[in-house]
Amino acid sequence: MFLNSWKILMVSALFIAVPAWAADLNDQLAYCSYVMEQAQAQRDLLRTPIALAGITQPETGLPMQLVAGASVGLSDIRKSSLAMEAARKNCELYKATTGAQQDVQYALSSLEKEALSNRLALIDQASKSLDALMEKTSKMVEAQNATRLMLFTLQTMKIKLNADQADTESKITALYVPALSDKPLKELVVEKLSSEANLQKALDKVSRQNNWDVALSVGVHQQVNPVAYGAQPYGAVSVNYNLASRAINKHLDRSVEAYGEWKKVQEGDVARSAEVLRQQLVESVSVQESKLKSLQEESGQIEKNLQIIGNPDTSAAFDFHNQLTAAQLLLQVETGDASFRITRLREYLAKNY
């Protein structure tokens, strides 16, 4: 009786929890190998007959007997195959969980890396335009039509762009983004929840086998004192059925549903993490839209001043024109960066949610 209880405990404990971290093929294969080996051990334990040996005294006054034999339960044999199926479902769940978890974990980093790469392109474009303006100003300085102070102002802007470029490159280097799935995140989450439900149903089937059993026992018994000649064979068939099976099965079915509902709202689970990510992305879009609106207003003011100046014909007007143009180039980097981020965030939301 104790041995059967221990078997039930081991089969249930094998599939209690599935850890969820970044997906890696080697990691998934290693975990599945571990789970399947454990399940195979349980399978062999459940379907192998139990050897029995002992000394008994059937009734008071009768001689003691040496008993040896073996017994096997049909419920355990059935449970051995169900344990293997549960292990396979556990492996599928781990793959689905880690795949979805990786996409959630690195979504923001992936989007940030794209935005930073785009920012580098914007900086490079602004630097080329600024270089052309500096070259023009240098020629005017040589012709004594402009002062070195005008050129220094542009060189200061160039330093800011170079510093921005170095900082952006440093941020890109610091970001780690593994290969992510091409599937939308919503599909990965659905697959994970579906795999979770399948595992719970498989465990439900394992638990249902505890409600009944048909056990077959065979062996021999030999009188010990006084010693009798010839061992006597014996055989027995026992059937047991739990009268609360119907109520137990209802609770097991409800537990599967309750587990699924819990996983949808569990803090830290993939489904909940995906919803938190969606809220972060929506808020990020709002922030970037406000930023873009402010930048566009500033760009509009600079554009108005440039139109007022037109073609500068004095040294002061040319200096002011250069300052406005340099500021406009810096604003173009910020405006292009904000616009790109808004576009990518909206695309990500539309695809994955």
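Where a number appears in this text, it was derived from the coordinates with a stated rule and is not lab data. Because the structure is a prediction, the values reported are computed rather than measured. Here the Cβ is made from the backbone with ideal geometry for all residues, glycine too, and neighbour counts use every protein chain on show.
Some points to look at:
- For segment 306-348, the residues whose backbone nitrogen is under 17 Å from a point 7 Å from the Cα of Lys160, taken along Cα to Cβ, are 306, 319-338.
- A cut-off of 5 Å between modelled amide H atoms, ignoring neighbours fewer than 5 places along the same chain, links Met64 with Val224, Asn225.
- What the Cβ-Cβ distance of Ser109 and Asn305 gives, at R0 = 35 Å and to the nearest 0.05, is a FRET efficiency of 0.35.
- With neighbour counts taken as other beta-carbon atoms within 10 Å, the residues Met36, Met157, Met64 rank, fewest first, as Met64, Met36, Met157.
- For segment 280-299 and segment 112-163, distance of Cα centres in Å: 26 Å
- When His251, His321 are sorted by how many other C-beta atoms sit within 10 angstrom of their C-beta, beginning with the fewest, the order is His251, His321.
- Full-extension gain in nm, Thr147 to Arg88, via 0.36 nm per residue minus C-alpha separation: 13.5 nm
- Above-threshold pairs, the threshold being 19 Å between Cα atoms, out of Lys201/Lys250; Lys128/Lys158; Lys89/Lys250: Lys89/Lys250
- The modelled label-to-label distance for the pair Ile55/Val218, using points 7 Å beyond Cα in the direction of Cβ, is 2.8 nm.
- Gain in span if fully extended, Lys264 to Ala244, counting 0.36 nm per residue against the direct Cα distance: 4.1 nm
- Among 271-278, 83-90, the order from most to least packed when residues are scored by Cβ within 10 Å on average: 83-90, 271-278
- Paramagnetic label reach from Lys291 (point 7 Å along Cα→Cβ; backbone nitrogen cut-off under 11 Å): within segment 334-353, residues 334-342.
- Under the simplified labelling scheme, the Leu29-Ala132 pair shows an inter-label distance of 5.4 nm, with each label point 7 Å from Cα along Cα→Cβ.
- For the chain, DSSP calls about 100 percent of its internal beta bridges antiparallel.
- Linear extension gain, Lys205 paired with Glu257, 0.36 nm per residue minus alpha-carbon span: 17.3 nm
- For Lys304, the lysines whose Cα falls under 18 Å of its own Cα, not counting residues fewer than eight places away in the same chain, are Lys293.
- A cut-off under 12 angstrom between Cβ atoms defines the neighbours of Ser195, and their net charge, with Lys, Arg +1 and Asp, Glu -1, is +3.
- Binned Cα-Cα distance frequencies in segment 31-97 - 10 Å width, integer %: 20, 30, 21, 15, 10, 4, 1
- Shape parameters for segment 187-319, alpha-carbon atoms, Rg then Dmax in Å: 38.4, 132
- C-alpha center-to-center spacing [segment 50-97, segment 206-245] in angstrom: 12 Å
- Label-to-label distance, Glu347 versus Gln40, with points set 7 angstrom from Cα along the beta-carbon direction: 4.6 nm.
- Isotropic mean projected area of the C-alpha convex hull, segment 2-352 (nm²): 26.5 nm²
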